[in-house]
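Enquirer: My structure is below; once you've seen it, I'll send some questions.
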Amino acid sequence: MSQSLHLFSPSSSGVALPKHSLRFTPSVSTSNRQFPVTSFPRRCCFAIRASASASSDPKVLETENGKPEVLSHVTAAAVSSDSASIEVDAVTEVELKENGFRSTRRTKLVCTIGPATCGFKQLEALAVGGMNVARINMCHGEREWHKAVIERVRRLNEEKGYAVAIMMDTEGSEIHMDDLGGAPSAKAEDGEIWTFTVRAFGSSRPERTINVNYDGFAEDVAIGDELLVDGGMVRFEVIEKIGPDVKCRCTDPGLLLPRANLTFWRDGSLVRERNAMLPTISAKDWLDIDFGIAEGVDFIAISFVKSAEVINHLKSYIAARSRDSDIAVIAKIESIDSLKNLEEIIQASDGAMVARGDLGAQIPLEQVPSAQQRIVQVCRQLNRPVIVASQLLESMIEYPTPTRAEVADVSEAVRQRADALMLSGESAMGQFPDKALTVLRSVSVRIEKWWREEKRHEAMELPEVGSSFSDSISEEICTSAAKMANNLGVDALFVYTKTGHMASLLSRCRPDCPIFAFTTTTSVRRRLNLQWGLIPFRLSFSDDMESNLNKTFSLLKARGMIKSDYQFQLKCFGHGIIEVQSQVKSICYYTGGCTSGS
Ligand SMILES: Nc1ncnc2c1ncn2[C@@H]1O[C@H](COP(=O)(O)OP(=O)(O)OP(=O)(O)O)[C@@H](O)[C@H]1O
Ligand SMILES: CC(=O)C(=O)O
Ligand SMILES: [K+]
Ligand SMILES: [Mg+2]
C-alpha cells in the first residue's frame, strides 16, 4: 500500500484561502492513478502539453489573463520529434554512464570563439571539454567569419550529438581604438607621446597615431584627463588638444591591442560627457542583431546596457522579426548606469552577464567583487541565469597553468553559485584554450562537491517571481521538490518542461542533485544549457505524466544512463499533486510541468 499526499488547490476545497496557503490532505490510496485532476481549475493542472501529432497549426493556449498565447514552437517540435528517442549531450551521456548522477558538473561554461578556436576540430575539442555555450563577439571579425563559426557549431551538434548553444555579443557604443592597421599589437613606452584622433588616414598612418571610433572624442576630453586603455592595462595623460587630435603622454607603458576599449577619467571618476548619450544599440549592432536572428542564435548579449527600456525594445524587435524564435536576451552589466538600474534591467532580460572587463574600467577595481556578488544574487532572486565573465584565467592566454589567484577567483564565482563562467581571450586567442577550459571544469566540480559535502548551502531568500496564483504554485512545487530532494538525498530531479520555465525554477533552488530537464524542442534544450545544474534532454512527451515517466526511464535505461535497479519514489504530478510512495526503495524525484506551456 502506498501513502499519498494530495495537495489541493484552494478552489477545489470551496473555501477561500489566503493566496499562499495550500491545503495538504493526507489520504491512503492503492493506486497511483487516484488524482482528483478534474477538481482543478483548467489552468492549474495538465492544461497544456506538447502534442505528439504532426499538426502544423500553432497551438493557441489560454493563459492566466484569458488572452490567447501562440506557442508555435510546440508544433515545430512535434513535427520534428521522433517519439521513440531521447537526445542528450554526448559528453553528459558518457559522464552519467561512468560516474553516475551526482558527479555531473552544475556550473555551465561559455567559451568565446576566436582565431584560436574557430576550426571544426578546435570547436569539437571545446565541446568535449565541456563547453555549453559558444560566444561570438561582434566587436571582432567579419560577419562571414561568424557565420562560418555558427555553421561549424551546428554541424558539430548534428553530427556528434552536442547541444552547444550560440551566444552573439554585440559591439555596443563603446569608445575604442581602431584595429591598428592589422598589427597584432603596438607597444607604448613610458613617456612617449601618442596621438588619438578621429581623422581618417589612408595607408600612410603617422607613427604613434591611433584612430578612435567616437567623433566627439576630442570635445569630451580635457587636458589633464587620464586615458585608460582596456581599463588600465596602459595609461596616458592628455597633454594637448589640436582640433580632432588629442596628444597624450604614456604614463603606464604596455601593449595596445586592436580595438582596445578607451575610457577617460577626471579627478578619480569616469568622465561621462556626450558619450553617455551614445545609443546602447548602434546602427551596426542592429545589423548584427538582424544577422543573429537570421542565423537563429540562441542568445543575444547586449553590451553596455543602461536601462530596461533597451532590453524591452530589443525583445519586441526580435518578436516582430521572427514570431516563433525564442532567442534569449542577455543584459551585459558593464556600466555605471547598468548598476544603478540593475533590478529593472535584470527583470526585463532573460539573463545577465557580469562583464568585469569593462565594468572594471568604469568603476574602481576594488568595487568589482561586491558588484559581482550583488549581480549574481539579484539574478538568482529574479530567476535569471547569470554568467561571470572576463579575466577568470587571463594568464592562461600565455601560460599553461593558472595563477593561484585565478583559481581562487573561479572558485569564488562557483561558490556564489553563478550559472555560468566564461572564457574570453583565453579561448579566443590564447595558446591554451583547452587547458583553460579544463581548469574551469575541474575547479567547478571540485568546489561544488566540497560545498555540498560541507553542507554550506546558503539559505538565500527566494522571493516570489511570478505574478499569478498559478505561478506561485509552480514556485512552491519547485521549492518543495528541491527541499525534499536534499532532505531525502535523492540522485536526481526530473522535470518535464516546454518553455524551460519549470526547469529554471528548480535550478534557482540550487538543489544538491542534478536536474534532468526534459523538453520537446532542441532550441529550448540548447537554451537550458546556460542554467545551473540542468541536464537538458530532448524528448517528446504527452499529457500522460505516468507514461512519460515510464518512457523516460526505459529510454534512459536502454541508453545505460541509469542503472536498471533504479526506481522512482516521489512523484509530483501536474500542478496539484505530490504522491509519495513509501514502500518503494527509491532514487528519483520528479516534478511535472505545471502552468500553461511552462
Ligand atoms: N572573432 C575574433 N577575431 C579575432 N580576435 C578575437 C575574436 N574574438 C575575440 N578575439 C580576441 O580575444 C580577445 C578577448 O575577447 P573578448 O571577446 O572576450 O573581448 P572583450 O574585450 O573581453 O569583450 P567585449 O568587447 O565584449 O568587452 C579580444 O580582445 C580579441 O583580441
Ligand atoms: C565580456 C565583456 O564584455 C567585458 O568583460 O567587458
Ligand atoms: K562585445
Ligand atoms: Mg565589455
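The values are calculated or read from the model by the stated rules, or taken from the named source; none is laboratory data. Note that the structure is a prediction, hence the values are computed from the model and not measured. Cβ sites come from the backbone with ideal geometry, for glycine too, and all protein chains shown count toward neighbours.
Enquirer: Return the total of residues in region 184-219 being of a type in the set (F, W, Y) and assigned to a loop (DSSP other than H, G, I, E, B).
Expert: Total satisfying the criteria: 2.
Enquirer: Restricting to region 218-232, give me the number of residues that are farther than 13 Å from C248 by Cα and crowded, with 16+ Cβ neighbours inside 10 Å.
Expert: 3
Enquirer: If you don't mind, there's one more thing I want to ask. Within region 169-183, take every residue that is within 16 Å of ligand 3 (Cβ to nearest atom) and either in a strand (DSSP E or B) or of a type in the set (A, V, I, L, M) (or both) and give me the one that is nearest to the chain's Cα centre (by Cα).
Expert: Step by step, filter region 169-183, then rank; the result is D169.
Enquirer: Another question, if that's okay. Here are some residues: Q391, Q367, Q372. Which one is within 16 Å of ligand 2 (Cβ to nearest atom) and free of Cβ contacts under 8 Å to residues at least 12 places away in the same chain?
Expert: Every option except Q367 fails the conditions.
Enquirer: Continuing with the same structure: Would you be able to tell me the number of residues in region 151-197 that are within 16 Å of ligand 4 (Cβ to nearest atom) and β-branched (V, I, T)?
Expert: Of the residues in region 151-197, 2 are within 16 Å of ligand 4 (Cβ to nearest atom) and β-branched (V, I, T).
Enquirer: Is it true that some residue in region 157-168 is within 12 Å of ligand 3 (Cβ to nearest atom) and either outside the structural domain of R527 (by TED's automatic domain parsing) or under 23 Å from the mean Cα position of the chain (by Cα) (or both)?
Expert: Among the residues of region 157-168, at least one is within 12 Å of ligand 3 (Cβ to nearest atom) and either outside the structural domain of R527 (by TED's automatic domain parsing) or under 23 Å from the mean Cα position of the chain (by Cα) (or both), which makes the answer yes.
Enquirer: Count, please, the residues in region 337-385 that happen to be basic (K, R) and within 16 Å of ligand 3 (Cβ to nearest atom).
Expert: Summing the residues that are basic (K, R) and within 16 Å of ligand 3 (Cβ to nearest atom) in region 337-385 gives 1.
Enquirer: Consider L262 against the criteria (1) within 16 Å of ligand 2 (Cβ to nearest atom); (2) outside any strand (DSSP E or B): it satisfies all of them except one. Which criterion is unmet?
Expert: (2)
Enquirer: Would you call V439 closer than 30 Å to H140 by Cα and either modelled with pLDDT of 85 or more or within 16 Å of ligand 1 (Cβ to nearest atom) (or both)?
Expert: yes
Enquirer: Let me ask something else. Here's a check for you: in region 136-155, which residue that is in contact with an Asp or Glu (Cβ under 6 Å, 6 or more places away or on another chain) and not in a loop (DSSP other than H, G, I, E, B) is nearest to ligand 2 (Cβ to nearest atom)?
Expert: In this case the residue turns out to be N137.
Enquirer: Against the definition (under 18 Å from L255 (Cβ atoms), acidic (D, E) and within 12 Å of ligand 1 (Cβ to nearest atom)), how does D169 come out, yes or no?
Expert: Criteria not met by D169.
Enquirer: Taking region 305-343 only, how many residues are within 16 Å of ligand 4 (Cβ to nearest atom) and farther than 20 Å from Q377 by Cα?
Expert: Qualifying residue count, region 305-343: 1.
Enquirer: Taking the stated definitions as given, is D190 surrounded by fewer than 16 Cβ atoms within 10 Å (Cβ to Cβ) and either modelled with pLDDT under 90 or within 16 Å of ligand 2 (Cβ to nearest atom) (or both)?
Expert: So D190 does not fit the description; no.
Enquirer: Sticking with this structure for a sec: Given I300, I311, which one is surrounded by 14 or more Cβ atoms within 10 Å (Cβ to Cβ) and either within 15 Å of ligand 3 (Cβ to nearest atom) or assigned to a loop (DSSP other than H, G, I, E, B) (or both)?
Expert: The unique qualifying residue is I300.
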